[in-house]
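The values are calculated or read from the model by the stated rules, or taken from the named source; none is laboratory data. Not measured: the values here are computed from a predicted model. When we count neighbours, we look across all protein chains shown, and the Cβ atoms used for this are built from the backbone with ideal geometry, even at glycine. Remember, those area values only see protein heavy atoms, side chains included, never the ligands or the DNA or RNA. Shrake-Rupley method; radii C 1.70, N 1.55, O 1.52, S 1.80 Å.
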Amino acid sequence: MRILIVTDAWHPQTNGVVTTLTATATILRAEGHDVEVLGTEGFRTFGCPSYPEIRLAVMPDKEVRRRLAHFRPEAVHIATEGPLGLCARAWCLENNFPFTTSYHTQYPEYVSRRYPIPLSVGYAYMRWFHRPAERTLVATNTVRQQLQDRGLRNLRLWTRGVDTDRFQPCPTRPPMGKSPVLLYAGRVAVEKNLEAFLEASVEGTKMIVGDGPALSDLRRRYSNAIFTGYKFGDELVKRMAAADVFVFPSRTDTFGLVMLEAMACGVPVAAYPGGAPEDVVAHRYSGVLDENLETAIRGALKIDREHCRKHALQFSWMRAAKQFLAALAPKRASAAVALTRCLTLDSASQG
């Protein structure tokens, strides 16, 4: 099947959306599908307000239509609600082409934390954007229920995986500071609630691995913590595997892949209950969830690291890719001739 994935979040960004789409595309290609990702590469871009490292395409409609005409997809999946997603959505509706969407990021919460925009406005946009989709894919049952309560429909589960060959326990854990080492890895931004971690009254070394718009402010305010900036590949795995606890203070993530990566390294998770951790962490087996983050951290220190690895092994990218494939809404074969004509005319009009 020729599958087009449209996403405003793509390389060189480093986040859960990019990781998920990359893993999915790689597996589907290995299974014989022709997968193309329509990301921001080749477009003029501008920095997202308050988050300049996220680049958004400028007036991408003509180029999106050209790429659609050139690739001639049999299935279209729109992963994000930004400029590229909007253009692909408009094209699908104009041409009566069925499509699916996915919900990766709680943008209404993120926006309301930065600007005086009510959550109701953000979710009104989400309902409008996703309503025409055949299905909207969500990462966990918790997120599915939250979105149903907000009026979104046709929700289908699309879980996540972890590369357990890359993320493994470290036989010799190098010292990284005063024990215990409490580590967070990911975006450094207001929605990650990192102050809750940095202000927690616990012994040990607090380490923040990552970058983002809040980094300079947090580094200035919390001089007792270690801020490493982004780390990738083997260096990231070594730091993660050497930690005693992975602290995940976010209350807004839809999944939190880094929790899986930490557990695959044998590192227990400390997090708040509710939201993503409820679906990702096995409470008191691979981590501890508590409204008191200090209690969660102290409890996580008692978790058997082998249990963390065993729990992470249950999450497979192959399984996730099969869920994605099963949820797609390919154009019916009976409409193939009409589609070809439509795409040809659309391509000619752009020329």
Tell me, please, whether a residue that is under 21 Å from residue 16 (Cβ atoms) and in contact with a Gly (Cβ under 7 Å, 6 or more places away or on another chain) can be found in the range 211-226. yes
Looking at 71, 99, can you tell me which residue is at pLDDT 95 or above, farther than 24 Å from residue 257 by Cβ and either open to solvent by less than 10 Å² (accessible area, probe 1.4 Å) or basic (Lys, Arg) (or both)? 99
Any chance residue 219 is farther than 26 Å from residue 89 by Cβ, modelled with pLDDT of 95 or more and part of a helix (DSSP H, G or I): yes
Residue list for the range 230-243, filter: buried (at least 18 other Cβ atoms within 10 Å of the Cβ) and either of a type in the set (Ser, Thr, Tyr) or out of contact with any Leu (no Cβ under 6 Å at 6 or more places or on another chain) (or both): 236, 237, 239, 240, 241, 242
Scan of the range 140-168 for residues that are of a type outside the set (Val, Ile, Thr), under 15 Å from the mean Cα position of the chain (by Cα) and buried (at least 21 other Cβ atoms within 10 Å of the Cβ), ordered by number: 158, 160, 161
Just to confirm my filter: which helices (runs of 4 or more DSSP H) fall fully inside the range 296-351 and include at least 3 residues that are touching a Cys at 6+ places or on another chain (Cβ under 9 Å) and either over 30 Å from residue 160 (Cα atoms) or at pLDDT 95 or above (or both)? 305-312
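Conditions tested, residue by residue: (1) under 25 Å from the mean Cα position of the chain (by Cα); (2) farther than 21 Å from residue 242 by Cα.
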{"site": "263", "(1), (2)": "yes, no"}
{"site": "274", "(1), (2)": "yes, yes"}
{"site": "286", "(1), (2)": "yes, no"}
{"site": "294", "(1), (2)": "no, no"}
{"site": "306", "(1), (2)": "no, no"}
{"site": "310", "(1), (2)": "yes, no"}
Within the bounds of the range 33-54, is there any residue that is of a type in the set (Phe, Trp, Tyr) and within 28 Å of residue 259 (Cα to Cα)? yes
When the range 264-318 is checked residue by residue, the ones that are among the aromatic types (Phe, Trp, Tyr) and either closer than 22 Å to residue 195 by Cβ or open to solvent by 40 Å² or more (accessible area, probe 1.4 Å) (or both) are 272, 285
Leading residue by the ranking (farthest from residue 319 (Cα to Cα)) among those in the range 1-37 that are among the hydroxyl-bearing types (Ser, Thr, Tyr) and either over 18 Å from the mean Cα position of the chain (by Cα) or crowded, with 19+ Cβ neighbours inside 10 Å (or both): 7
Open to solvent by less than 20 Å² (accessible area, probe 1.4 Å), free of Cβ contacts under 8 Å to residues at least 60 places away in the same chain and on the phi < 0 side of the Ramachandran plot: does that describe residue 137? no
Condition check for residue 247: over 18 Å from residue 191 (Cβ atoms), open to solvent by less than 20 Å² (accessible area, probe 1.4 Å) and of a type in the set (Val, Ile, Thr): no
Considering only the range 75-89, I want to know if a residue exists there that is open to solvent by less than 30 Å² (accessible area, probe 1.4 Å), part of a helix (DSSP H, G or I) and modelled with pLDDT under 95. no
Per-region count, the range 260-277, residues part of a helix (DSSP H, G or I) and out of contact with any Cys (no Cβ under 6 Å at 6 or more places or on another chain): 6
